[in-house]
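Laboratory data are not the source of any read-out in this text; all were calculated from the coordinates shown. The shown structure was predicted, so the numbers you read here are calculated from the model rather than taken from an experiment. Cβ atoms come from the backbone with ideal geometry, glycine included; neighbour counts cover every protein chain shown.
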């Protein structure tokens, strides 16, 4: 299969790319599309055969559910049933954060195929803020299931070229909408009514992302969620151990990983280099005061946010620099921790999952 990249940087190019994507999706094919978070591998969410192609293309285990994207908040009832006891809170969240990188876990409507939700009674839903993605949803007139457009467990793509590296020859079309503005996958949230019905609702952040706990705490009480761990082994072994399914996408312990082993080093003094190996450093801000920069004669050093250490910049660059280090030819990537507040919570979550494979 030949994979075509269509640009969208002029109105005519965008019109053609949107039309081609809508045609392919409407006939049950899969297409890589830009969102503000990462590029997604899209399929008609109500077509089980099309969704099955997503799993096959990504080599993703069937126990890992997908996110369903809808056009606007007022389309939510087409795929999800909002319980009355949290309806007020869901409305407040969608008004504040949609369109945007917030995914909500809600009871699913019967029209959503079980393959999308991995057999769970709930569905993950969001509204993307990317204008090209929105135009394609409008043209298709059906919800879209779209996990990240990469092979399962690998580094999420934040550009069309990164999708091509992952899926060239596996899909017919990549719609190039430019670099992703967030750079990390959406925050996934499950809302639970307060036990007494009077206090703030309970917010379970199942996957940290661009919408931070600091932003969410105005609307509910944050309950620290413990990520589900998964056993090591082959895909068949993983599937055998995966009952029940993860509660939401992106919750497996080992995920978002480069092919090169990555180790998250919480303290500089814990580094014991093997003299036969070449090491690269993934540095937060490139400051020697943090204790990592001068720790070793690194084969390569890549900095997420040079100088002051700005978390939004680090988040946008995160998957891009992981790919850069993965191509550097080193034996192991050593990652510094980042400040674990705001977006730093999401970045550390991705680093821990990437290092779980090492």
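Hey, what number do you get for the chain at 222 nm if only DSSP H runs of n ≥ 4 count, each worth -39500 (n - 2.57), divided across all residues, to the nearest 500?
Details: 10 runs with 99 residues, N = 358.
Taken over the chain, the calculation gives -8000 deg cm²/dmol.
Which of the peptides 256-267, 290-301, 133-144 is most tightly packed, and how do the rest follow, going by the mean number of other Cβ atoms within 10 Å of each residue?
Top of the packing list down: 133-144, 256-267, 290-301.
Dividing the alpha-carbon radius of gyration of the chain by 2.2 N^0.38 Å (N being the number of residues), what value is obtained?
Values: Rg = 20.2 Å, N = 358, 2.2 N^0.38 = 20.6 Å.
Ratio of Cα Rg to 2.2 N^0.38 Å: 0.98.
Multiply the residue gap between residue 194 and residue 224 by 0.36 nm, knock off their C-alpha separation, and tell me the result in nm, one decimal place.
Details: separation 30, 0.36 × 30 = 10.80 nm, distance 1.50 nm.
Between residue 194 and residue 224, full extension yields an extra 9.3 nm.
Once the Cβ-Cβ distance between residue 324 and residue 84 is put in as r, and R0 is 35 Å, what FRET efficiency do you end up with, to the nearest 0.05?
On the way: r = 49 Å, r/R0 = 1.40.
Efficiency, from the Cβ-Cβ distance: 0.10.
Label-point separation (nm) for residue 4 and residue 301, each offset 7 Å from Cα along Cα-to-Cβ?
Once both label points are built, they end up 4.7 nm from each other.
Note the full-extension length gain between residue 215 and residue 271 as 0.36 nm times their separation in residues minus their Cα-Cα distance, in nm to one decimal.
Full extension of this stretch gives 16.6 nm more.
Within 10 Å of each residue's Cβ, count the other Cβ atoms and sort 72, 126, 272, 323 from fewest upward. Display every interim value, and only then the final one.
On the way: 72 13, 126 25, 272 5, 323 20.
Exposure proxy ranking, most exposed first: 272, 72, 323, 126.
Starting from the Cα of residue 278, step 7 Å along the direction of its Cβ; do the same at residue 141; then give the gap between the two resulting points in nm.
5.6
Give me the one-decimal nm value for the distance between modelled label points at residue 288 and residue 310, 7 Å along each residue's Cα-to-Cβ direction.
With each label point 7 Å from Cα toward Cβ, the separation is 2.5 nm.
Roughly speaking, what % of Cα-Cα pairs in region 262-355 are separated by over 17 Å, rounded to a whole number?
Numbers: 1924 of 4371 pairs.
In whole percent, the share of Cα-Cα pairs in region 262-355 beyond 17 Å is 44.
Sort out for me the Cα centre separation of region 123-154 from region 1-64, rounded to whole Å.
Answer, in whole Å: 8.
On a full-extension model of 0.36 nm per residue, what is the gain between residue 75 and residue 263, subtracting their alpha-carbon distance, rounded to one decimal in nm? Display every interim value, and only then the final one.
Values: separation 188, 0.36 × 188 = 67.68 nm, distance 4.23 nm.
Once the chain is fully extended between residue 75 and residue 263, it gains 63.5 nm.
Can you tell me what share of the DSSP beta bridges in the chain is antiparallel? A percent to the nearest 5 is fine.
40
Cβ neighbours within 10 Å, averaged per peptide: list 60-68, 16-24 in order, most packed at the top. Spell out each step's value before the answer.
Values: 60-68: 22.7, 16-24: 19.4.
The peptides rank, most packed first, as 60-68, 16-24.
What is the angle, in °, between the Cα long axis of helix 48-58 and the longest principal axis of the Cα atoms in the chain? Nearest 10 is fine, range 0 to 90.
Once rounded, the angle reads 10 degrees.
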